[in-house]
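A.B. asks: Could you have a look at this structure, given as structure tokens, before my questions?
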There are 6 protein chains.
Amino acid sequence: MTTLERYSAEYLDRIADSLYSSVLSDILDEAGHRHQVMRPEVRPLYPGAKMAGRAATMLAVAVSELPEQPYRLLMDLLDGVRPGEVVVGAVQGGVKAALWGELLSTHTRALGGRGAVLDGLSRDAWGIEDMRFPVFATGVTPADSRGRLEVIAIRQPILVSGVAVADGDLVLADEDGVVVVPASLEDEVVGRAIEKVAGETTIRDLLRQGTSIRKVFDEHGIL
Amino acid sequence: MTTLERYSAEYLDRIADSLYSSVLSDILDEAGHRHQVMRPEVRPLYPGAKMAGRAATMLAVAVSELPEQPYRLLMDLLDGVRPGEVVVGAVQGGVKAALWGELLSTHTRALGGRGAVLDGLSRDAWGIEDMRFPVFATGVTPADSRGRLEVIAIRQPILVSGVAVADGDLVLADEDGVVVVPASLEDEVVGRAIEKVAGETTIRDLLRQGTSIRKVFDEHGIL
Amino acid sequence: MTTLERYSAEYLDRIADSLYSSVLSDILDEAGHRHQVMRPEVRPLYPGAKMAGRAATMLAVAVSELPEQPYRLLMDLLDGVRPGEVVVGAVQGGVKAALWGELLSTHTRALGGRGAVLDGLSRDAWGIEDMRFPVFATGVTPADSRGRLEVIAIRQPILVSGVAVADGDLVLADEDGVVVVPASLEDEVVGRAIEKVAGETTIRDLLRQGTSIRKVFDEHGIL
Amino acid sequence: MTTLERYSAEYLDRIADSLYSSVLSDILDEAGHRHQVMRPEVRPLYPGAKMAGRAATMLAVAVSELPEQPYRLLMDLLDGVRPGEVVVGAVQGGVKAALWGELLSTHTRALGGRGAVLDGLSRDAWGIEDMRFPVFATGVTPADSRGRLEVIAIRQPILVSGVAVADGDLVLADEDGVVVVPASLEDEVVGRAIEKVAGETTIRDLLRQGTSIRKVFDEHGIL
Amino acid sequence: MTTLERYSAEYLDRIADSLYSSVLSDILDEAGHRHQVMRPEVRPLYPGAKMAGRAATMLAVAVSELPEQPYRLLMDLLDGVRPGEVVVGAVQGGVKAALWGELLSTHTRALGGRGAVLDGLSRDAWGIEDMRFPVFATGVTPADSRGRLEVIAIRQPILVSGVAVADGDLVLADEDGVVVVPASLEDEVVGRAIEKVAGETTIRDLLRQGTSIRKVFDEHGIL
Amino acid sequence: MTTLERYSAEYLDRIADSLYSSVLSDILDEAGHRHQVMRPEVRPLYPGAKMAGRAATMLAVAVSELPEQPYRLLMDLLDGVRPGEVVVGAVQGGVKAALWGELLSTHTRALGGRGAVLDGLSRDAWGIEDMRFPVFATGVTPADSRGRLEVIAIRQPILVSGVAVADGDLVLADEDGVVVVPASLEDEVVGRAIEKVAGETTIRDLLRQGTSIRKVFDEHGIL
């Protein structure tokens, strides 16, 4: 697949429509990549939020005063968002301020961005739900980031909620949480996940009929 | 009441329809059983989830590698689930993996099981909500339990989110949380709870009319 | 504005309809009042809950036995609730019991109260959602406060989830959280917030058209 | 025993010299009182601190401004400390300020007080260690309580670090932590603890010689 | 090296005398084993505690009542302790009771055991310090494990404070914390650690003379 | 005072000898600077550690791989440490790795540095205690920072354990914790603290003689 195809809406929509976070996590587990799932604290801002996209990473840290050029790197990242991307932010330090909000969501969508994933807080929950822009965060607060948080690195590999995320990695987020597929593994993982989803339908039918779970597990190796 | 009746859908539906967790908690409090409510972290996976059932207990612990016979006791418990039961699991250790999911829910329902309560994580939140199977857990994650958690005891008395639960105890869970009624107290507690529910309607009407809350408390002893 | 006007439904409804917590937080930030937002743990009990009102404060603490006159100060406060007020409670100590519930909500509404904000737990989530009474709390539990919590001060300045709240302060709570406007700053803060809301619409339109976020920030100073 | 004897230095020193917290905890456990031990966070301020005394209880809560009569109840309690007493304070709310310090220790000792136990912070760790006044707290901080904490009840039954403490209860604190013996159980518990201490010496000798731990447990019922 | 040599006092003393936890952690890091260090919560019970030994693993879980045969597996493990072993216990669940104490320490030492490492609480801190038996735990409490914790597996691979530990692994614990060397890596890791210790002395001397830290790092690759 | 004098050993030793953290905190409180004390988690690595110095600030964040030029900014800061300075580090993100250790301590002391204060972990506790170099941290671990933490800003204003610290601020740390005096307030705060220390001796004597604490407070305004 070309880079262009990897960022295309067709490809990413197909992933979001046919896959889900738990099946990707299972395939990554089988391949020995057992730390690709963010912690349960990162939750969708509204029920039913789901998205697939490619990571555009940023790292924000606590500050105690307004920098000389506030928001410089945040604006660099956001004005450069490409179609197919998801903004993935690590918000380090315990400061209780929102790094994300409705205006940033509006801007990101206008440029073709598909969502945001934060190891921190957002705000404007109502507006974000109204526009159905998938944001995943550890919570919400009315408090703005101004003079509290500042982005200090963009498009670098960062740790987000326990997962190493590189710019360009595939991110899938849904009701269960957020899973990150390293770009180098993507083709194989996505291919095997599509196969696994097909198999689960058979199993679901067997279980619905009251088949022994041991029998199902022994024969299909899935639980 | 016979054991058969205690596990019957009629009896358990009647409890789920006419009672709720807070009234059972109040009656247990009055009887001196003040530790029968799980911690607030155990939450329904979807709004409106409610159920009453009899505990089928299991205890899972963190493991660092796949056991020789993975899922052995979990499958023993699940293949033996009886109508009227609720799977109640303590997931000890801080491992962030899901002990429960949609396939286990499908199987449990096929055997007449009524829900699941976990002091730990589930997954497949969307599928579980679709089938309206009441699961109560501390959160969700895409990460599977395989090689992370293993059930090491079933149908034993266990501590679940601060409450001692014995196999066969009555469990009622709703939007407010999870309450456990020890089997030996059940007849008296359920009887008194039904009486209390009737009294609360009167009080609600009085308060709606603006009656002093002190007057209501002095005359009815409820607040 | 007279005190009467400040407690009037017209005034408070207008604030709830035209403002939201994040814009009030921004204006307070600009005025140097940077600790007016409660922690993200204080959440609405149901989606869409929103309210503006004037604080009627109370402080509850953990007790280990039933006091001689249980609920004395709680009932004093509640029987004296005035139209336009919001009960704001600090529930200090780690006791996992509910200080609020459906009956208190029914009573408070009957007297013209507009909601409740708690640095602690509520119960009767389903009943409170049914009556659409806006309650903001850190969680829910079936366990009653009886013999676990007792109100020991009312209408005093208290710390609630990190914010100093004085009786009579303006409280606005919505999906994003809870913000407290000290009465002395109210006229100026509310006035400037209304102006800011107007400006945000323009910016939202610019961003929707794909305007550079740096350009918007440089020209309007908002992000 | 008369009340006078219970507060005498002779009696309390004998307890501190011959008993320790774990043996008292064991006897209370056997008698069905299984919640008499404070959480492990309450630690001695210096190695080797140990004391026995009778509880003089106080409850402090977070405040956001200086009260009109600051420290009123704290001073009432402290000026009334009797020989044999230990000040036991619950410091509710997450405020990081010290309720105790060197000057209060100096005063309490001058009146015959034997120590302090806090579910909160102290300060002046070096001065308190210098005077060898046994203080048990959850930590230390330079920050004073002034305008941050205020005592709002004294000599009432309070919950301290998970244990219900009534004024006059026996408190024993050592390297392992803090145990509270309700006054009504004291004679029996202390008597049986003295017996148990004697038995442990025999067991220690057996184990030192390499006797099977199963044999020791089967024959002496202690582990 | 034979198994016998690996459990010998000569070999283990040499490791304890010439190595320390941080140098072993560095070598394991270099070899790609980056999860071999327990969390900082596991601390020595007294200053200066240090030991090297081979893991004898056990797993305890929270229970709500006394089992029929209390302590059965704990006693199996302890009566079978071999010279050179360190008891390594995972105490899963949040129960605040001590799994370890002075009597168990006395017994373990009598059989040639060299210490204990717990992802949980101990008791008898004073007695354990008196006998200088190296115990590493997350804290101390007077409360006994009886009817609160029960060992449910011994000599199995377990997760202890974030590290996978197999029976027989090399454990080194000192003031900095606890590091676990898998038996299969031991010869290489120990060998390289001894080399690294030698190199650090040179660097320490250079730095003491004020040499640039960049120069030291560029030339020796250590910081 | 000239800048030279402010960094002189004479001046800083005099502060360390005659003042302590709690008296500085009190004076800062009185002046309305009520957030100058770090959280109680920042503790001395050995008993009796105390120091005064001028902040040399750095900010480290979690990384998921080794940077191209590891330790670049850390080495810049350390090779430029001036006599009288204390390295003050914010270690953001929950990564459990040590940013500080014995070699860095040796280097810093060789250049005239007086200590280190970290909102994170150190290692080499035994070596640091041996050389009596005052390090204050939230804990210790054997795990190195290499590939886990990277310094990304030096000599900038940063938030450290809740306190805003600017390069050059006065830092005093002792058994009670860490207090930061902004350079602009230093002369006044230090002057008044010296006066207060003198007054406390009088009060200590009064209290030692059994004087009423109310009388002392009314007459001297100190408690």
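The values are calculated or read from the model by the stated rules, or taken from the named source; none is laboratory data. In this text, all values refer to a predicted model and were calculated from it rather than measured experimentally. All Cβ positions, even for glycine, are placed from backbone atoms using ideal geometry, and neighbour counts span all protein chains on display. For accessibility, only protein heavy atoms count, side chains too; no ligands or nucleic acids. Shrake-Rupley method; radii C 1.70, N 1.55, O 1.52, S 1.80 Å.
A.B. asks: Report the accessible surface area buried between chains F and D, summing both sides, using a 1.4 Å probe on protein heavy atoms only, in Å² rounded to the nearest 100.
C.D. replies: It comes to approximately 2600 Å² buried between F and D.
A.B. asks: Find, to one decimal place in angstroms, the Kirkwood hydrodynamic radius of the protein assembly as shown, where the mean of 1/r is taken over every pair of different Cα atoms and then inverted.
C.D. replies: That comes to 33.0 Å for the protein assembly as shown.
A.B. asks: Quick one: grab the alpha carbon gyration tensor of chain E, order the square roots of its eigenvalues as a ≥ b ≥ c, and give me rounded if a/c is under 1.5, else prolate or oblate depending on whether a/b is larger than b/c.
C.D. replies: prolate
A.B. asks: May I pose another question? Counting Lys and Arg as +1 and Asp and Glu as -1, what is the net charge of the other residues whose Cβ lies under 12 Å from the Cβ of A:ALA49? If you can, show how the numbers build up before the last one.
C.D. replies: Values: positive: A:ARG43, A:LYS50, A:ARG114, A:ARG132; negative: A:GLU129, A:ASP174, A:GLU175, A:ASP176.
With Lys, Arg at +1 and Asp, Glu at -1, the neighbours total 0.
A.B. asks: If you don't mind, there's one more thing I want to ask. What is chain A's relative contact order, in percent, from Cα pairs under 8 angstrom and six or more apart in sequence?
C.D. replies: Rounded, it is 29 percent for chain A.
A.B. asks: So which helices of chain A fit the span-like rule, where a helix is a whole DSSP H run, its Cα atoms reach 15 Å or more along the axis, and its mean Kyte-Doolittle is at least -1.0?
C.D. replies: Span-like helices in chain A: A:186-208.
A.B. asks: Let me ask something additional. Under 4 °C and 1.567 mPa s, how fast does region C:99-223 diffuse according to Stokes-Einstein, given a Kirkwood radius computed over C-alpha pairs? Answer in µm²/s, whole number. Before the final figure, lay out each step's value.
C.D. replies: Values: Rh = 17.7 Å.
The estimated diffusion coefficient comes to 73 µm²/s.
A.B. asks: Report the accessible area of E:ILE194, computed with a 1.4 Å probe over the heavy atoms of all protein chains in place, in Å² rounded to the nearest 10.
C.D. replies: 90
A.B. asks: Still on this model: For region E:35-96, just the Cα set please: Rg and Dmax, both in angstrom.
C.D. replies: In order Rg, Dmax, the Cα atoms of region E:35-96 give 14.1, 40 Å.
A.B. asks: Next question, about the same structure. Per residue and in Å³, how big is the convex hull formed by the alpha-carbon atoms of region D:153-223?
C.D. replies: About 120 Å³ per residue, rounded to a whole number.
A.B. asks: Can you tell me which of B:212-219, F:143-150 comes out highest on packing, and rank the rest after it, using the mean Cβ neighbours within 10 Å?
C.D. replies: F:143-150, B:212-219
A.B. asks: Starting from a label point 7 Å past Cα on the Cβ side, list the distances from A:GLU65 to the same position in the other copies, nm, shortest first.
C.D. replies: 2.9, 3.7, 5.6, 5.6, 6.5
A.B. asks: Also, quick follow-up: Can you check how the C-alpha radius of gyration of region C:1-63 compares to 2.2 N^0.38 Å, as a plain ratio?
C.D. replies: 1.35
A.B. asks: Work from the charge dipole of chain C (Cβ charges, +1 for Lys and Arg, -1 for Asp and Glu, about the Cα centre) and give the residue of C:VAL63, C:HIS220, C:SER184 farthest towards its positive end.
C.D. replies: C:VAL63
A.B. asks: Just how large is the dipole of chain A about the Cα centre, in debye to the nearest 20, putting +1 at every Lys and Arg Cβ and -1 at every Asp and Glu Cβ?
C.D. replies: The dipole magnitude comes to about 320 debye.
A.B. asks: Between F:LEU99, F:LEU118, F:LEU77, where does the largest GNM mean-square fluctuation fall for chain F, given springs only between Cα atoms within less than 10 Å?
C.D. replies: F:LEU77
A.B. asks: Ok, one more. For the residue pair B:ASP79 and D:ARG82, what label-to-label distance in nm results when each label sits 7 Å from Cα along the Cα-to-beta-carbon direction?
C.D. replies: The two pseudo-label positions are separated by 6.9 nm.
A.B. asks: Just counting partner chain Cβ atoms within 10 Å, what average do the residues of peptide D:62-71 show around their Cβ?
C.D. replies: 4
A.B. asks: Assume the label is 7 Å from Cα along Cα to beta carbon: what separations in nm does E:GLY210 have to the matching positions in the other copies?
C.D. replies: Label point to label point, same position, other copies: 6.0, 6.0, 6.2, 8.5, 8.8 nm.
A.B. asks: Where does region A:118-187 land on Rg(C-alpha)/(2.2 N^0.38 Å)?
C.D. replies: Scaled against compact globular proteins, the figure is 1.26.
A.B. asks: Same structure again: How many nm is it between the label spots at F:HIS35 and C:GLU30, if each spot is 7 Å from the Cα in line with the beta carbon?
C.D. replies: Result: 2.0 nm between the two label points.
A.B. asks: Hey, another quick one. Using a 1.4 angstrom probe on heavy atoms only, work out the carbon and sulfur share of the accessible area of region A:5-130 in %. Kindly include the intermediate steps, with their values, before the conclusion.
C.D. replies: Working: 1970 of 4200 Å².
Carbon plus sulfur share of accessible area: 47 percent.
A.B. asks: Still on this structure: Between copies, how close do the D:THR3 label points come, placed 7 Å along Cα→Cβ, listed in nm from shortest?
C.D. replies: 4.6, 5.7, 6.8, 6.8, 8.5
A.B. asks: Which residue, D:LEU45, D:LEU66, D:LEU172, has the most motion in a Gaussian network model of chain D that connects Cα atoms within less than 10 Å?
C.D. replies: Answer for the Gaussian network model of chain D: D:LEU66.
A.B. asks: So what's the back-of-envelope 222 nm ellipticity for the protein assembly as shown, counting only DSSP H runs of four-plus at -39500 (n - 2.57) apiece and dividing by all residues, rounded to 500?
C.D. replies: After summing the helix terms and dividing by the residues of the protein assembly as shown, the value is -10000 deg cm²/dmol.
A.B. asks: Protein chains only, probe 1.4 Å: how do B:ASP167, B:ASP26 rank by accessible area, largest first?
C.D. replies: Order by accessible area, largest first: B:ASP167, B:ASP26.
A.B. asks: Still on this structure, please answer the following. Taking springs between alpha-carbon atoms closer than 10 angstrom, which of E:ASP169, E:ASP205, E:ASP13 fluctuates most in the Gaussian network model of chain E?
C.D. replies: Between E:ASP169, E:ASP205, E:ASP13, it is E:ASP205 that shows the largest mean-square fluctuation.
A.B. asks: Cα centroids of region A:1-69 and region C:52-79: how far apart, whole angstrom?
C.D. replies: A separation of 46 Å, based on Cα centres.
A.B. asks: Considering only chain C, pick the residue with its Cβ nearest the axis of the rotation onto chain B, and state the distance in whole Å.
C.D. replies: Taking Cβ atoms only, the nearest residue and its distance are C:PRO47, 5.
A.B. asks: May I pose another question? Taking the Cβ of F:ARG34 as the center, what net charge do the other residues with Cβ under 13 Å away carry, scoring Lys and Arg +1 and Asp and Glu -1?
C.D. replies: Around F:ARG34, the charge tally is -2.
A.B. asks: Report, ordered by chain and residue number, the lysines lying within cross-link reach of B:LYS215, taken as a straight Cα distance under 27 Å and ignoring same-chain residues fewer than 8 apart.
C.D. replies: Partners within reach: B:LYS196.
A.B. asks: When Lys and Arg each count +1 and Asp and Glu each count -1, what net charge do the other residues less than 10 Å away from C:ASP119, Cβ to Cβ, add up to?
C.D. replies: 0
A.B. asks: Shifting gears a bit: Which of the listed residues, A:PRO134, A:PRO157, A:GLY199, is farthest toward the dipole's positive end in region A:85-223, when Lys, Arg count +1 and Asp, Glu count -1 at the beta-carbon?
C.D. replies: A:PRO134
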